[in-house]
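Every number here is computed from the coordinates shown, using simple stated rules; none is lab data. Remember, predicted model here, so these are calculated numbers, not experimental data. Glycine also receives a Cβ, built like all others from the backbone with ideal geometry; neighbour counts cover every protein chain displayed.
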């Protein structure tokens with residue numbers, strides 16, 4: 001017993017305990033619900049028997065239905081565009097802003113804080129505001145573009161099947177940029193100044209310093225931010241609900257919205273769960289990439 | 001005065017019968033505690049009858065899912081106020097208490113006074129599973145000032161589809177940011193609510209959505225959009241926001257319901273009126289949508305009598321639904337007391353007439369799925385992806401699959 | 001940095017912020033517009049008849065202090081659970097490199113894949129079996145923490161990666177236990193990253209909607225995110241009230257975070273390393 005206690009305080013037991021505690025918590029409160037979703041994706045679920053795990057088996061029927069659905073192709077394409085587009089833009093803008101505010105000019109830290117506004121506002125409110133801003137008739141975006149002479153006639157961002165997905169994407173980039181910015185700002189502030197000073201003495205220009213010091217030093221942060229950004233984007237729901245409801249004619253439906261629609265508007269929980277299982281596979285891949293990427297991290 | 005006596009007498013009876021029983025606490029789930037059922041529940045609780053009702057507000061979008069979830073785990077409330085197209089799903093599964101016999105024995109509730117539309121929404125297999133809270137429907141709002149300016153007669157608003165289309169063309173004025181008409185063709189229940197009346201006026205029904213003539217209704221909607229007579233955002237905008245543009249003077253006509261009256265009376269700085277939804281052709285069939293909620297008791301409640309006593313109290317207050325809540329009673333023979341605003345009173349009379357043609361959506365336990373197919377049809381036509389008849393045929397086929 | 005560059009950068013920063021904050025401005029503006037002015041063409045950039053009464057109305061009707069208090073309780077609970085469980089785990093995941101650690105990291109990330117709207121049904125059912133629904137706010141905290149924890153672990157892990165291993169080893173040589181070295185040396189050195197991650201977790205807990213909405217049945221225990229949605233009624237949405245409500249709760253939170261992020265990112269810069 002003493003040895004166990006000793007190990008808890010001082011040896012490998014200490015490490016194991018820390019990880020096991022957290023993992024157990026997650027497995028109970030997030031793992032079990034996940035398994036439930038996987039299980040019901042193979043079942044015919046009756047809305048009034050949600051409270052049990054025992055439903056008639058459906059085999060792979062739900063999966064076949066989803067793949068044969070007319071919407072499947074659009075949803076897949078939309079999900080890819082939305083996720084890659086959002087993550088790439090959020091990250092780039094977030095990084096650019098973090099670097100910009102890292103220059104320590106007067107007021108930089110205050111103004112950087114204001115950018116957190118997007119993250120503080122409730123998703124519903126953000127959605128509604130962008131719904132109005134992107135409105136074809138009374139929207140401010142059109143008003144400004146028109147004032148600048150960039151468009152001749154109003155663009156109906158939300159209601160044109162060609163642009164509807166992008167209207168949500170714009171809002172999502174706005175929403176997610178502060179998260180990227182603040183985390184990357186922390187990462188930047190962790191890099192010791194003397195590294196840069198030494199490089200400068202060696203005659204490295206700004207670009208070289210960024211490439212050889214900033215990027216490698218921030219690898220852990222960048223990996224974390226991109227992995228988390230991808231997962232957040234895959235979970236984005238409020239903006240779709242408030243801006244396009246996945247329309248018009250399904251043109252802006254993405255996987256998570258479709259899954260919700262099937263589960264909670266059509267009460268077809270089995271098929272809704274199929275999409276969540278497919279999303280699990282995507283995140284599985286993202287997680288693998290992330291875990292692999294950590295191999296190349298630099299520890300001070 | 002007689003109402004007052006009836007109410008007090010009822011309060012006394014309930015008080016007397018419950019005095020013997022233990023104190024009872026019931027729960028009621030609703031979209032709003034300030035809606036009639038919430039206010040009446042509070043009054044009912046304050047009476048000396050041993051019954052207290054706890055009201056829980058749930059966002060409208062979550063009401064059905066939260067309730068389903070709670071029902072599946074036995075944590076559901078005793079009473080619920082539920083949107084009428086969702087009623088059948090619960091009634092058909094035995095989740096709601098069959099109150100047919102209680103109603104027959106009640107001195108207060110006269111179920112035969114309920115209008116046919118709401119009556120259909122709370123019935124399943126000829127049994128009664130609740131009482132209506134109120135009713136609403138849609139009609140045509142129009143801007144009388146714009147009618148005058150365009151040389152149209154404000155006292156003779158469009159009464160057929162052709163007249164409506166002609167008026168929309170005349171009133172449409174893109175240079176001044178004015179659309180001919182505003183409505184909602186959103187991919188949500190609101191869209192179905194707005195579309196079905198047009199389909200029904202053309203002879204269609206939800207289980208026969210590709211009936212001959214429905215394509216004309218869809219073509220009418222399509223014309224509004226393709227000719228720019230309505231905003232393209234009609235596809236992604238709800239009724240409330242669409243009518244907002246009417247109030248702001250950016251649409252000459254709007255299709256919406258009585259819930260708009262309060263905001264319009266205070267915001268619109270022009271003369272407006274309401275008329276019945278135009279029919280397909282002179283003397284054609286009338287139809288309109290039927291909205292609003294029903295009140296139901298859950299079958300697994302421990303206190304069915306106390307819950308029913310609340311329904312009786314609610315019923316006895318029907319005369320207050322219009323003056324205090326600006327909602328239309330779903331019961332025949334309830335007078336709409338004047339509100340003091342002539343425009344609202346005139347509109348109320350129109351809506352009261354329109355309500356007589358209001359048809360229930362369903363009833364069918366799979367209503368949300370059926371509705372989703374209907375939305376799919378009009379949205380794919382309005383975005384130019386399909387021809388009206390083809391879209392309706394496909395929707396009809398999919399709906400048949402759901403029905404059988 | 002020259003004065004000119006300084007001024008120029010500040011100017012650029014202000015312009016960027018003005019563009020970025022426009023939706024926030026629109027929220028404030030809408031909160032004092034009349035209901036139909038929201039939809040007017042061309043858009044109104046300044047209210048012609050400010051409706052300050054909207055604020056009085058929601059303050060009176062919406063029970064904001066009670067809702068804010070509940071949000072605060074939930075956010076604090078979430079931050080505590082997440083912080084306590086997450087920091088240690090993140091530390092271990094940063095310190096070692098082997099197959100087990102990779103698997104653990106992988107599992108942590110995987111477990112936050114599904115949106116809350118798809119997780120809430122099984123969680124609700126499970127909680128109802130376990131009797132947790134009797135303690136609704138606590139139950140909501142447990143559920144929300146499961147969502148914020150993976151996120152927190154990944155971020156903290158990145159923060160721990162920046163702590164030089166030698167410092168910890170030096171502490172061990174000085175006679176500290178592992179636990180001692182973790183608390184006394186490693187945690188303080190990684191605090192920037194941990195605090196900012198905790199701040200984000202707090203914000204998430206504060207604004208969380210989906211779990212609270214279905215787990216907390218009693219209105220008096222619900223957080224502000226739910227109080228706001230009472231204005232979303234079928235066919236009829238009081239947008240001005242919603243925006244006034246949102247403004248009332250966003251403003252103090254934003255102000256607090258502008259100050260805190262400044263302290264965290266800059267005040268405690270990695271200078272401690274030197």
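Can you give the Rg to Rh ratio of the protein assembly as shown, both from alpha-carbon atoms, with Rh computed by the Kirkwood formula? Kindly include the intermediate steps, with their values, before the conclusion.
On the way: Rg = 29.8 Å, Rh = 30.1 Å.
Checking Rg against Rh, the ratio lands at 0.99.
May I ask for the equivalent-ellipsoid semi-axes of the stretch A:1-120, computed as the square root of five times each C-alpha gyration tensor eigenvalue and listed largest first in whole Å? Let's see the in-between values first.
Details: eigenvalues 320, 241, 35 Å².
Listed largest to smallest, the semi-axes of the stretch A:1-120 are 40, 35, 13 Å.
On a 0 to 90° scale, report how tilted helix B:161-171 is relative to the longest principal axis of chain B, with both axes built from alpha carbons and the result rounded to the nearest 10.
70
Quickly rank A:99-112, B:348-361 as a protection proxy: mean count of other C-beta atoms within 10 Å, highest first. Before the final figure, lay out the partial values.
Working: A:99-112: 17.9, B:348-361: 20.1.
Per-residue Cβ counts within 10 Å, averaged per peptide and sorted highest first, yield B:348-361, A:99-112.
Which whole number in µm²/s is D for the stretch C:120-165 by Stokes-Einstein, with the Kirkwood Rh taken over Cα pairs at 20 °C and 1.002 mPa s?
Numbers: Rh = 12.4 Å.
Stokes-Einstein gives a translational diffusion coefficient of 173 µm²/s.
Roughly speaking, what is the centre-to-centre gap between the stretch B:144-160 and the stretch C:130-182 when only Cα atoms are used, to the nearest Å?
Computed from Cα coordinates, the inter-centre distance equals 70 Å.
Can you tell me which of C:148-160, B:261-273, A:123-135, A:25-37 comes out highest on packing, and rank the rest after it, using the mean Cβ neighbours within 10 Å?
Details: C:148-160: 27.2, B:261-273: 16.8, A:123-135: 24.5, A:25-37: 19.8.
The peptides rank, most packed first, as C:148-160, A:123-135, A:25-37, B:261-273.
Which percent, to the nearest 5, of DSSP beta bridges fully inside the protein assembly as shown are antiparallel? Please list the in-between numbers first.
Details: 26 of 40 bridges.
Looking only at bridges with both residues in the protein assembly as shown, the antiparallel portion is about 65 percent.
Sort the following peptides by mean Cβ neighbour count (other Cβ atoms within 10 Å, averaged over residues), highest first: C:119-125, C:165-171.
Details: C:119-125: 23.6, C:165-171: 14.0.
Averaged packing, sorted descending, gives the order C:119-125, C:165-171.
Relative to the longest principal axis of the C-alpha atoms of chain B, give the angle of the C-alpha long axis of helix B:367-382, reported between 0 and 90° and rounded to the nearest 10°.
Result, in degrees: 10.
Please compute, for peptide C:15-25, the average count of beta-carbon atoms on other protein chains lying within 10 Å of each residue's beta-carbon. Each step should come with its number before you reach the end.
Working: counts 0, 7, 9, 1, 1, 10, 5, 6, 14, 8, 2.
Neighbouring Cβ atoms belonging to other protein chains average 6 per residue here.
With a cut-off of 8 Å between alpha carbons and a minimum separation of six or more residues, what is the relative contact order of chain B in percent? Display every interim value, and only then the final one.
Numbers: 751 pairs, mean separation 100.2, N = 404.
Here the relative contact order equals 25 percent.
Order by neighbour count: A:168, C:41, fewest other Cβ atoms within 10 Å first, most last. Mind showing how you got there, number by number?
Values: A:168 29, C:41 20.
The most exposed by this proxy come first: C:41, A:168.
Test of understanding: what is the full-extension gain from residue B:332 to residue B:281, defined as 0.36 nm times their sequence separation minus their Cα-Cα distance? Don't skip to the answer; put the middle values down first.
Working: separation 51, 0.36 × 51 = 18.36 nm, distance 2.86 nm.
Contour length minus the Cα-Cα distance gives 15.5 nm.
When only C-alpha pairs under 8 Å and at least 6 residues apart count, what is the relative contact order of the stretch A:70-296, in percent? Write out the running numbers ahead of the final one.
Numbers: 259 pairs, mean separation 64.6, N = 227.
Dividing the mean separation by the residue count of the stretch A:70-296 yields 28 percent.
With a ≥ b ≥ c the root eigenvalues of the C-alpha gyration tensor of the stretch A:70-296, is it rounded (a/c under 1.5), prolate (a/b larger than b/c) or oblate?
On the way: a/c = 2.51, a/b = 1.46, b/c = 1.72.
Since a/c reaches 1.5 but b/c is at least a/b, the shape of the stretch A:70-296 is classed as oblate.
Translational D (Stokes-Einstein, µm²/s) of the stretch C:73-117 at 4 °C and 1.567 mPa s when Rh comes from the Kirkwood sum over C-alpha pairs? Each step should come with its number before you reach the end.
Details: Rh = 12.0 Å.
For these conditions, the coefficient is 108 µm²/s.
Using Cα-Cα distances under 8 Å and only pairs 6 or more residues apart, what relative contact order does chain C have, in percent? Before the final figure, lay out the partial values.
On the way: 265 pairs, mean separation 82.3, N = 274.
Result for chain C is 30 percent.
As a footprinting exposure proxy, order A:295, C:147 by other Cβ within 10 Å, with the fewest listed first. Intermediate values should be presented prior to the final figure.
Numbers: A:295 8, C:147 27.
Ordered from fewest to most neighbouring Cβ atoms within 10 Å, A:295, C:147 come out as A:295, C:147.
Take peptide B:170-179, look around each residue's Cβ out to 10 angstrom, count Cβ atoms belonging to other protein chains, and average those counts. Before the final figure, lay out each step's value.
Details: counts 0, 0, 0, 0, 2, 0, 1, 6, 1, 2.
Mean partner-chain Cβ count within 10 Å for B:170-179: 1.
Could you give the radius of gyration (one decimal) and Dmax (whole number) of the Cα atoms in the stretch B:294-404, in Å?
Values for the stretch B:294-404 (Cα only, Rg and Dmax): 20.4, 55 Å.
Quick check on chain C: take the gyration tensor over C-alpha atoms, sort the square-rooted eigenvalues as a ≥ b ≥ c, and tell me if it's rounded (a/c under 1.5), prolate or oblate. Could you put the intermediate results ahead of the total?
Working: a/c = 2.61, a/b = 1.38, b/c = 1.90.
Since a/c reaches 1.5 but b/c is at least a/b, the shape of chain C is classed as oblate.
Output the direction-averaged projected area (hull surface divided by four) of the convex hull of the alpha-carbon atoms of the stretch B:22-110, in nm². Each step should come with its number before you reach the end.
On the way: hull surface 27.3 nm².
Averaging across all directions leaves 6.8 nm² for the Cα convex hull.
With equal scatterers on the alpha carbons only and no solvent term, can you work out the Debye log10 of I(q)/I(0) for chain B at 0.10 1/Å?
Computed log10 I(q)/I(0) values: -0.69.
What is the stretch C:144-220 by shape, rounded, prolate or oblate, if you read a ≥ b ≥ c off the alpha carbon gyration tensor as root eigenvalues and call it rounded for a/c under 1.5, prolate for a/b larger than b/c, and oblate otherwise?
Details: a/c = 3.98, a/b = 2.89, b/c = 1.37.
Cα axes put the stretch C:144-220 in the prolate bin.
Along the principal axes of its C-alpha atoms, what lengths does the stretch B:271-317 span, in descending order and rounded to whole Å?
Principal-axis extents of the stretch B:271-317 (Cα, largest first): 54, 27, 15 Å.
What average number of partner chain Cβ atoms lie no more than 10 Å from the Cβ of the residues making up A:179-186? Spell out each step's value before the answer.
Working: counts 2, 0, 0, 8, 7, 0, 6, 16.
Average per residue, whole number: 5.
Among C:96, C:249, B:141, which comes first, second and so on when ranked by fewest other beta-carbon atoms within 10 Å?
Numbers: C:96 14, C:249 24, B:141 28.
Ordered by Cβ neighbours within 10 Å, fewest first: C:96, C:249, B:141.
So what is the calculated 222 nm ellipticity per residue for chain B, using -39500 (n - 2.57) for each DSSP H run with n of 4 or more, over all residues, to the nearest 500 deg cm²/dmol? Intermediate values should be presented prior to the final figure.
Details: 17 runs with 186 residues, N = 404.
My calculation for chain B gives -14000 deg cm²/dmol from helical runs alone.
Helix B:304-316 against the longest principal axis of chain B: what's the angle in degrees, Cα atoms only, rounded to the nearest 10?
50
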